Amino acid sequence: MPLELTEFETDVLEKIADTYELVLYNDDVNTFDHVIETLIRVCEHTPIQAEQCAILVHYKGQCTVKSGGLEELAPKCSALHDAGLSAEIQKS
């Protein structure tokens, strides 16, 4: 008898596969406006979400700006680097 996955089990398996975080780090070079505009463009943040992340990065030193699969996050990480921001992908 073939194994059938329920919708719940499929959702859990997809969630397990998304175990990476894109982390943005603070620097003394980039302005708040540049960070906010970049997060809106690259990570598809809302303006409020981007501003909150920029504040967290400034005061805490880092902030997870996106979670997902490695294939999704790698080009976003590269785009952040291209914009002069410091970021890396971490296994969560």
### Task
Would you grab the residues whose amide H sits under 5 Å from the one on Ser67? Only those 5+ places off in sequence or on another chain, please, with H modelled 1.01 Å from N.
Leu22
### Query
Carbon and sulfur atoms: what percent of the 1.4 Å accessible area of the range 29-92 do they account for?
54
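If R0 is 25 Å, what FRET efficiency do you get for Ala83 and Ile48 from their C-beta distance, rounded to 0.05?
Values: r = 20 Å, r/R0 = 0.80.
Efficiency, rounded to the nearest 0.05: 0.80.
The values are calculated or read from the model by the stated rules, or taken from the named source; none is laboratory data. If you're wondering where the values come from, they're calculated on a predicted model, not measured in any experiment. Don't worry about glycine lacking a Cβ; one is built from the backbone with ideal geometry, like all the others, and counts go over all protein chains shown. Each accessible area value is taken on the protein alone, full model and side chains, heavy atoms only, with ligands, DNA and RNA left out. Shrake-Rupley method; radii C 1.70, N 1.55, O 1.52, S 1.80 Å.
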